[in-house]
Every structure is written in C-alpha cells, then in structure tokens.
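Asker: Dropping a structure here in structure tokens format, bear with me for questions.
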Amino acid sequence: MHFFRPTQLLIGDGGPAHAGWGLVVEHGRIAAVGPVDDVAPRAGSTRVVDLVGTLLPGLIDCHTHVSLSGGLNPVADLKTEGRTRRTVRALHALTAQRRAGVTTIRDMGGPEGLDLELARGLREGWIDGPRMLAAGEVVCITGGHACFLGIEADGPDAVRAAVRKQLKAGCDLVKVIATGGVITAGVEPGAAQMTPEELRAACEEARKAGRLVAAHAQGTEGIRNALVAGVSTIEHGFFLDAETIGLMVARGSTLVPTFAAGQAMLDGEAAGVPSFMVEKIKRVKGAHIASFQAALAAGVHVACGTDAGTPLNPHGRIATELELFVRFGATPAQAIAAATGNAARAIGRDDVGLLAVGRRADLLWVADDPLEDIHRISRVRGVWMDGRHVEGPPPQSVGA
Ligand SMILES: [Zn+2]
C-alpha cells in the first residue's frame, strides 16, 4: 500500500486544488482520497510518498496518430517511408507521450493495423507505454479525407462491411469521416462527406459491438449528420452553430477541438508545411475558436486531443493543447478536466481519469501549480500507472 502526500491534489473533475489531501493506493487502485488526517492508513506496511508539487490523474490524449510522422507532410511520408521506419517511430511516439504525463491515448486511425497491434502489445504488457485505444483504419468515402489512413466505403452496406472488418481486427472504437479535412489535398473542411445513411450504418454496427464512434467532423452539415447518427465525439468541430451545439448538449456528446494541429501548421508555414494545408487552416481558424467558445458557454463537454502526428505536431506535447484551451477561453481547471475526467468520459473509460476511489492509480506528479500557469503541466516529475512508478526518478518513500 502507498500513501501519497502531495502539496496539493487535483481530482480531475474541474474543481479547485485540494491542499493537504492524500491518496491511498492499494493493488493498483485508488483506495482512499481526502484530507490527510481522514485517509491516512494505519497499517504498518504502508509506504509514505511525500511529493512537492501537484498530484493529478495521468493525462488522456483523446486524439493521436502514432502511425503519422509529424513531419512537414505526413501524408507524403506514409507513401514513401517503409513499414519498419513507421513502426519504430510509432514506438517512439508511445515513449514520448508517457514522458509527457500521458497514461492513456486514443489513437484515431492508421494503416495496416499497426495501431491495433501496438494497442494489443501494450494491453498484454510486452511493450511499454500508455494505455491505448485504437481505431484501426478510418472509414471514409472514396477519395475522401484521410483515405490514406482508411477503408473507402460507399453506401450503407459497404460502410457496414468496413466497420465489421475493423471490429473483426479488434478495434476499440470506430472512426468515421463525416466531412472534408485539412491535410488531404482537394477536399474542403466545410463539405459533408459520408451521408446520413452511411453514418447511421456505421453507428449501428459499432453499437451492436459495444464500441463508441468518433467522427472527424469540421463543417456544420457533417457535424449535424454525425450527431444525429449517434457518434459520441466530434473531432475538430470547426463550424458549430446553435443547432449542432444544442444537439451536443442534448446528447451529451463531446467536442475534441485539436487546436495543436492547426497551430503547428500555421507556425510551420515558413518551414515548408504544404501551402494547401496552411491556406485551409487560415480560412477556418476564426470559426474554430468561435465554435469552441460557444460550445464552452453552452456547457458542451470538451476533451483534449493533440492530433499528434500531423504536420510538425510531434507526440508528447499535450501541454501545447492545454495551453491553447486556456488561450481560447477555458480556465486551467477546465483544461485539466478536458485531459482527465472529461476525457475518460469521452472515450468511454470509467476506470481512469479521476483521482477517485476505485479508479486505476494512473497518476501524474508535476512541479508546483498548473492552475496558476497551465504551462507548468509540462514539468513532469513522475508518472504512475496502476500504482506502478513508470516515469521519472523514483521518489523517496518511508515506512509509516
Ligand atoms: Zn486526426
């Protein structure tokens, strides 16, 4: 049994920091959390771990692509780089994520089942990294956005078959492409792609198998189609309007804005990010921020996803996404909840994301106070998964 005594503790529910609170971990799960005097274990076998700084839940990145290079043009890299290099890079992505305090990632699509095999290796414990939920190949229309990562399927029957194929391959969730996107040449972010019937077919197959559906959805019509069909998360969500925001509130769906991806492309213009991508991002940026602010004001759930792997957006920089959440109107507590409690809810995992009794002891220790300055979330001192210390120098512990 371990008894953690940090300077302060964040539960991950968007509430204030608790100074003088402790956390008891037993058999990899959180056994107690509360004021130190109330939860201090009596047993002599307890190790006490005193931490200067903040203890919070391990972070969750709800939108990654471990198969994408994060180079100037990851779509071109997919075509020119071999499988071996892609696999080695993906393993490095896992390492980089966990070093940044991320204990769970939801990978949103890659080719040839690489992400599914990595998720399996992590689950079975023979490779090291964060927990991973994997979508496998995305489902899109012929020539649609992200067709380089996916199965092209046209018509509800073909979509059903594509989703069933991913379920058979062992996907943890289904990713559908409801609109055009930024990094695919020749498609428009605002234009709908999969039809309402196709999206409904995908959601039906996923629901029967107990999987959630995430929709890449940027334009208003596609966002509406995806929500009505029953997806649980809207990825990117550039053009929300009052109707789609109302639908999200009514259905309890979550917005994953992935600001870091667009910002990296804007910042990378001079470095040589393809101009068609930069041009599209410039056109949508204002609407993207306004959509996020309107969603926040209306009480839509928001969750943190980096879209790591997209141009000049490497894995392991979740702090950048949290900083952008705050820059665009979230409080630091809301941003942290978006990467912890709300993220766990968005991805359908009630065993992680909160420092609450019964949840897995996935913990992040950072120096000082990220509520004062969200950038401090990047000062990672230590990470635990299932109560096991996995990153950072081992902290001192003493017998109680
Ligand atoms: Zn993505």
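Asker: Could you sort Thr142, Thr84, Thr320 by accessible area so the largest value comes first, with the probe set to 1.4 Å?
Answerer: Reading off the accessible areas and sorting them downward yields Thr84, Thr142, Thr320.
Asker: Which of the aspartates and glutamates could a cross-linker span from Lys165 if the Cα-Cα distance has to be under 13 Å and same-chain partners fewer than 8 positions apart are dropped?
Answerer: Correct list for Lys165: Glu112, Glu137, Glu152, Asp157, Glu205.
Asker: Sum up the charges of everything whose Cβ sits under 10 Å from the Cβ of Gly144, counting Lys and Arg as +1 and Asp and Glu as -1, but leave Gly144 out.
Answerer: -2
Asker: As a test question: what accessible area, to the nearest 10 Å², does Phe148 have when a 1.4 Å probe is rolled over all protein chains in place?
Answerer: Counting only protein heavy atoms, Phe148 exposes about 40 Å² to solvent.
Asker: Among Gly353, His27, Gly341, which residue has its Cα furthest toward the positive end of the charge dipole of the chain, with +1 on Lys/Arg Cβ and -1 on Asp/Glu Cβ?
Answerer: Toward the positive end, the furthest listed residue is His27.
Asker: Determine how large the accessible area of Asp362 is when every protein chain is in place; take a 1.4 Å probe and give Å² rounded to the nearest 10.
Answerer: Rounded to the nearest 10, the figure is 10 Å².
Asker: Ignoring everything except DSSP H segments at least 4 long, calculate the 222 nm mean residue ellipticity for the chain; use -39,500 (n - 2.57) per segment, divide by total residues, nearest 500.
Answerer: One gets -10500 deg cm²/dmol as the mean residue ellipticity at 222 nm.
Asker: Give the cross-link partners of Lys168 among the lysines, using a straight C-alpha distance below 22 Å as the criterion and excluding same-chain residues fewer than 8 apart.
Answerer: Qualifying lysines at Cα under 22 Å: Lys208.
Asker: Cα gyration tensor of the stretch 59-346, axes a ≥ b ≥ c as square roots of the eigenvalues: rounded (a/c below 1.5), prolate (a/b > b/c) or oblate?
Answerer: It comes out rounded by the Cα gyration axes.
Asker: Which value, in Å² rounded to 10, gives the accessible area of Trp21 with a 1.4 Å probe and all protein chains present?
Answerer: 60 Å²
Asker: While we're looking at this one, here's another question. If you put +1 on each Lys and Arg Cβ and -1 on each Asp and Glu Cβ, how big is the dipole of the chain around its Cα centre, in Debye rounded to 20?
Answerer: Rounded to the nearest 20 debye, it is 640 debye.
Asker: Percent relative contact order of the stretch 59-346, based on C-alpha pairs within less than 8 angstrom and at least six residues apart?
Answerer: 21 percent
Asker: What is the magnitude of the charge dipole of the stretch 251-345 about its Cα centre, with +1 placed on the Cβ of each Lys and Arg, -1 on the Cβ of each Asp and Glu, and no other charges, expressed in debye to the nearest 20?
Answerer: Its charge dipole is roughly 260 debye.
Asker: Once a ≥ b ≥ c are taken as the square roots of the eigenvalues of the Cα gyration tensor of the stretch 143-301, is the result rounded (a/c under 1.5), prolate (a/b larger than b/c) or oblate (a/b not larger than b/c)?
Answerer: In terms of gyration-tensor shape, oblate.
Asker: List the lysines whose Cα lies under 28 Å from the Cα of Lys285, skipping any in the same chain that are fewer than 8 positions away.
Answerer: Lys175
Asker: What do you reckon, how do Lys280, Lys285 stack up by accessible area (1.4 Å probe), largest on top?
Answerer: Result, largest first: Lys285, Lys280.
Asker: Let me ask another. Relative contact order for the stretch 1-131 using alpha-carbon pairs under 8 Å, separation at least 6, rounded to a whole percent?
Answerer: Relative contact order, the stretch 1-131: 22 percent.
The values are calculated or read from the model by the stated rules, or taken from the named source; none is laboratory data. This structure is a prediction, so every number in the text was calculated from the model and none was measured. Methodologically, a virtual Cβ is constructed for each residue, glycine included, from the backbone with ideal geometry; neighbour enumeration extends over all protein chains shown. Side chains are part of the model used for accessible areas, which takes the heavy atoms of the whole protein and leaves out ligands, DNA and RNA. Shrake-Rupley method; radii C 1.70, N 1.55, O 1.52, S 1.80 Å.
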